[in-house]
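Chemist: Here it is, the structure, as structure tokens.
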Amino acid sequence: CLVCFQVLAILKEYNLKTIYMTNHKQKFRKHSCESRKVVCDQLEKKLFQQKSLFTNETKQQEEALLASYFVTYELTKAKKALSDGELIKNCAMKMAEAFNENKVGNKFQTVPLSKQTVTRRLEDISNQISNNVKDIIANCSYFPVALDESIDVSDTNQLLIFVRAIKEDFTIFEELLKVAVEEFGRFEKLSSVVTDGAKSVTGTISGFVGFLRQNQITVPTLHCIIHQEALCAKSIKLSTTMATVTKITNLIRGGNRSLTHRKFLTLLEEMDSAYGDLLLHTEVRWLSRGKCLVRFFELRHEIATFLREEVTNSAELQNDLEDVEFLRNLAFLTDITQHLNVLNLQLQGKKQTICQMVGFVDSFRKKLHLFKSALDKNNLLHFPCCRKLSEEEEGLEFRDYTEIIEDLSSEFDRRFNDFESFRPDISLFSNPIHCDIESQPGHLQLELCELQCDPSLNTSQVTGIDFWKLLSPERYPLLRNWALKLCSVFASTYICETAFSSLKHVKSKNRNRLSDVVLSHILRVATSQLEVDFISLVSSFTKPQCSH
């Protein structure tokens, strides 16, 4: 009732009329039409104020819920603890207080950011990303998978599976899957599998590759190109030199040697050295060996001085640092490892095609032939450490290291043999305009004839994926489909390695009790490049709640 605001159990005209006739007729019958209109306007205004009160309350609740999602997303992306939500809320309220914005501070107070609430928000965001990934896979042209396994801080095996989905317009998505691929679709669109080479994955009986073969799924299986490059680097026959470098480094700054380390830092500062400290070597880090060697070589004189003056029982190590043969090995190992680090950095990165990565490896193979030729003449142009040492010690020869270069070249040929099957496809992908049509797959030959005679494509300056995007789906359907499949191929597990780095930050010694479900949600959100539709998440709540 608009007069007394009595709420009726059943909204019918008869009921309203009965209340009016019983309670209000005598009061309003004496009013004229104009006066009745004034009363109605007042009643309508009063009703609007009531509606506004409820509307504003609902809007404030929705804003608080949206803010809660924003904070949860940023916390997860930064790999921070979910319990930090309350800390962020308190900081926001303190900032509002400092700016004398009490109204804003009161709004911050309403944002629900308890650990349990943030965990629920995280699950909502993760589920939305998961559903988006399912849609992407369902609508993509091809998708390969990359698998890698590692052990976390609680000694639990963690298997990560990433997918690279490529759409008709050559847009590439690289996203984390669950262990069960069936949840995201069947294997008809699977183009390749890349692994870290572990038997638990590549095993033909109980491994993932064996599972595919048992189900008559035949796709190329590759060993991560970056892992193989790292294995090639370890094949260099100068392990005793590296062992000596590691031993001296650990003697100065390893373990419980804080006093010795401080003395060494003081010495470097007094001698105005190029570097301020030595670096520790870690086998699991791809670039660690090269960085450690560069520092050690540049500080070799300071290290010898420090061992002689400060470290007792180090006569044998001092002799090594004065031995010309050791210094020759150190200089060569430093230079060749630096060249390998350059290759490793080129192979790192997301959304690289197999054509690009094989090109980097082929380039390094040519460099090895160039290095061998140069060392045969004792030309140290591409070996700066060796050149620097030869300037200090006249008459030094480095020709005998050509054998190590030859062995390294042979190791590259052996290790990267599984990529040779892609060589014809890579050649066609890189230069379709001038390829020999007769040597190409039969189903592509007719379209290649049209492509090579297409004036607009012949004059195009773009290359790689950008060139294949220009092909009309109606005129070149087979060539586009072939290019999509090749571009989709994973050549490395780099994306898995970056996810393991995130896992190391998320599940640390201080957060080792995270459940597998929550950990899965955190990794999915932290590694995803997909945009989150926060508005749709908020609109899914019929009655959002504020914090009190």
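Values in this text are rule-based calculations from the coordinates and carry no lab data. Bear in mind that the values here come from a model prediction, so they are computed numbers and not experimental data. All Cβ positions, even for glycine, are placed from backbone atoms using ideal geometry, and neighbour counts span all protein chains on display.
Chemist: For region 283-435, what is Rg from Cα atoms divided by 2.2 N^0.38 Å, rounded to two decimals? Show your work: numbers first, answer last.
Modeler: Details: Rg = 19.4 Å, N = 153, 2.2 N^0.38 = 14.9 Å.
Taking the Cα Rg and dividing by 2.2 N^0.38 Å, one obtains 1.31.
Chemist: Give, in nm to one decimal, the length gained when the segment between HIS443 and LYS27 is fully stretched (0.36 nm per residue of separation minus the Cα-Cα distance). Intermediate values should be presented prior to the final figure.
Modeler: Working: separation 416, 0.36 × 416 = 149.76 nm, distance 9.18 nm.
Using 0.36 nm per residue and subtracting the Cα-Cα distance, I get 140.6 nm.
Chemist: Also, quick follow-up: Give me the distance in nm between label points sitting 7 Å out from Cα along the Cα-to-Cβ direction at ASN379 and ASN215, one decimal.
Modeler: Calculated label separation equals 5.5 nm.
Chemist: For LEU190, enumerate residues with amide H under 5 Å from its amide H, sequence gap 5+ or separate chain, H modeled in the peptide plane.
Modeler: Sorted by chain and number, the residues that satisfy this are PHE143.
Chemist: Can I ask one more? Could you tell me how far the Cα centroid of region 418-492 sits from the Cα centroid of region 301-379, in Å?
Modeler: A separation of 39 Å, based on Cα centres.
Chemist: Same structure, new question: If you stretched the chain out fully between GLN461 and PHE5, how much longer would it get, using 0.36 nm times the residue separation minus the C-alpha to C-alpha distance?
Modeler: Numbers: separation 456, 0.36 × 456 = 164.16 nm, distance 7.55 nm.
Extra length available between GLN461 and PHE5 comes to 156.6 nm.
Chemist: Assuming R0 = 60 Å, can you tell me the calculated FRET efficiency for the pair GLU531 and LEU259, based on Cβ-Cβ distance, to the nearest 0.05? Spell out each step's value before the answer.
Modeler: Values: r = 53 Å, r/R0 = 0.88.
Once the sixth-power term is evaluated, E becomes 0.70.
Chemist: Can I ask one more? Toward the positive end of the charge dipole of the chain, about the Cα centre and with charges on Cβ (Lys, Arg +1; Asp, Glu -1), which of ASN131, ALA331, THR459 goes farthest?
Modeler: ASN131
Chemist: Over the chain, what lengths in whole Å, largest first, do the semi-axes of the equivalent ellipsoid take, defined as the square roots of 5 times the eigenvalues of the alpha-carbon gyration tensor? Can you show the working numbers first?
Modeler: Working: eigenvalues 809, 277, 85 Å².
The equivalent ellipsoid of the chain has semi-axes of 64, 37, 21 Å.
Chemist: So what's the back-of-envelope 222 nm ellipticity for the chain, counting only DSSP H runs of four-plus at -39500 (n - 2.57) apiece and dividing by all residues, rounded to 500?
Modeler: Details: 26 runs with 324 residues, N = 548.
Theoretical 222 nm ellipticity from helices: -18500 deg cm²/dmol.
Chemist: With viscosity set to 1.002 mPa s and temperature to 20 °C, compute the Stokes-Einstein D of region 417-548, Rh being the Kirkwood radius across alpha carbon pairs; µm²/s, no decimals. Show your work: numbers first, answer last.
Modeler: On the way: Rh = 19.6 Å.
Translational D for this selection: 110 µm²/s.
Chemist: Ok, one more. Under a crude label model (7 Å from the Cα following the beta-carbon direction), how far is ASP135 from GLU63 in nanometres?
Modeler: 2.9 nm
Chemist: Per 0.36 nm of contour for each residue apart, how much would the distance between HIS505 and GLN348 grow if the chain were fully extended, relative to their Cα-Cα spacing? Write out the running numbers ahead of the final one.
Modeler: Numbers: separation 157, 0.36 × 157 = 56.52 nm, distance 2.03 nm.
Full extension from HIS505 to GLN348 adds 54.5 nm.
Chemist: If I model a spin label as a point 7 Å beyond the Cα along the Cα-Cβ vector, how far apart are those points for LEU231 and SER154 in nm?
Modeler: Those two pseudo-labels are separated by 3.2 nm.
Chemist: Report the calculated FRET efficiency for PHE99 and SER515 (r = Cβ-Cβ distance, R0 = 35 Å), to the nearest 0.05.
Modeler: Numbers: r = 39 Å, r/R0 = 1.13.
In this case the efficiency is close to 0.35.
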